[in-house]
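I have a structure I would like to understand better, so I am pasting it below and will then ask my questions one at a time.
The values are calculated or read from the model by the stated rules, or taken from the named source; none is laboratory data. The shown structure was predicted, so the numbers you read here are calculated from the model rather than taken from an experiment. Neighbour counts are summed over all protein chains in view; Cβ atoms, including those assigned to glycine, are modelled from backbone coordinates with ideal geometry.
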Amino acid sequence: MDAPLFNPAVVKAVFRDVTWMHVSQSAVRVATSVTRTLLAEIIEGARAAAADEGLTVLQPRHLVTAIDRNVEVDVANEWYDHSPTFRALTGDVASPAAQPGMSGRAHRGKPSAVTNAHRFEPGVKRLLRSQGVRAVPTMVRELDGVASVFMMRLVRSAAMVVREGGTRRYGTVILTMPGEPLPPPSQENPLQSAPPREGDRRTIGGNDVLDATRIELFGDIRQRALTEAREAEQTHASA
């Protein structure tokens with residue numbers, strides 16, 4: 001069996017930063033798999049952007065292009081506010097520590113994915129190598145930050161699923177271009193039709209993270225992340 005992309009202790013630390021709830025090993029594995037799927041999609045988009053320039057080494061601007069081209073992977077607003085790459089696009093060159101909410105007493109009271117973004121760097125490097133891609137150190141840090149912010153969002157949603165007893169109360173998002181008619185309603189909304197959650201209100205399980213994935217992602221990337229996470233769990237169970 002392949003080693004997990006991220007150290008399970010690192011992933012558990014994200015859960016501990018967000019919630020007091022117990023965390024199952026399945027939840028750790030699913031969170032890792034979903035984050036891997038997202039990063040792989042972003043890296044593939046960045047590689048295509050680099051190829052358009054005749055380059056083989058990824059630069060931070062290729063990350064920006066990848067996200068511009070695929071709104072489904074635009075999932076890390078908190079990191080964009082901190083990242084030098086994204087702040088340069090908006091003309092905000094001030095130090096992150098000088099930005100409102102990024103330092104001082106108010107910031108210390110709430111865990112921040114930005115603060116601990118460096119902990120995902122080994123996994124990001126392994127994923128780049130597995131895809132045969134090279135990246136400059138600043139690009140690795142950007143991917144590191146995206147992974148950290150996304151996983152914290154995923155954990156927050158998983159904790160909410162546990163508290164609320166499932167995802168039946170949530171809807172879905174349909175994106176259309178201006179002037180286009182809305183598509184016919186789906187026969188099955190993946191959130192509204194979800195069965196009530198089973199289990200106690202103290203433990204986050206793998207299915208809770210899958211439900212959180214349905215909340216945090218949409219479109220093809222959501223379906224791919226769910227499929228790959230389920231396959232990873234089946235592989236683990238049969239090992």
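If I ask for residues that are modelled with pLDDT under 90, of a type in the set (S, T, N, Q) and more than 18 Å from the chain's Cα centre (by Cα), which ones from the stretch 43-86 would you list?
Result: THR85, single match.
For the list (1) closer than 17 Å to MET139 by Cβ; (2) not in a helix (DSSP H, G or I), I need the number of the one condition that LEU5 fails.
(1)
Listed residues ARG168, ARG163; which is closer than 20 Å to ALA212 by Cβ, at pLDDT below 95 and exposed (fewer than 13 other Cβ atoms within 10 Å of the Cβ)?
Matching residue, one of ARG168, ARG163: ARG163.
Would a scan of the stretch 135-142 turn up a residue that is loosely packed, with under 10 Cβ neighbours inside 10 Å, among the hydroxyl-bearing types (Ser, Thr, Tyr) and either touching a Phe, Trp or Tyr at 6+ places or on another chain (Cβ under 7 Å) or at pLDDT below 95 (or both)?
No, because not a single residue in the stretch 135-142 is loosely packed, with under 10 Cβ neighbours inside 10 Å, among the hydroxyl-bearing types (Ser, Thr, Tyr) and either touching a Phe, Trp or Tyr at 6+ places or on another chain (Cβ under 7 Å) or at pLDDT below 95 (or both).
Moving on to the next point. Among the candidates SER148, SER103, SER157, single out the residue that is hydroxyl-bearing (Ser, Thr, Tyr), touching a helix residue (DSSP H, G or I) at 6+ places or on another chain (Cβ under 6 Å), buried (at least 17 other Cβ atoms within 10 Å of the Cβ) and at pLDDT below 95.
SER148
Going through THR203, THR227, THR235 one at a time, which residue ends up being touching a Ser or Thr at 6+ places or on another chain (Cβ under 8 Å) and not small (Gly, Ala, Ser)?
The match here is THR203.
Would you mind stating whether ARG129 is exposed (fewer than 14 other Cβ atoms within 10 Å of the Cβ) and modelled with pLDDT of 95 or more?
Spelling it out, ARG129 is indeed exposed (fewer than 14 other Cβ atoms within 10 Å of the Cβ) and modelled with pLDDT of 95 or more.
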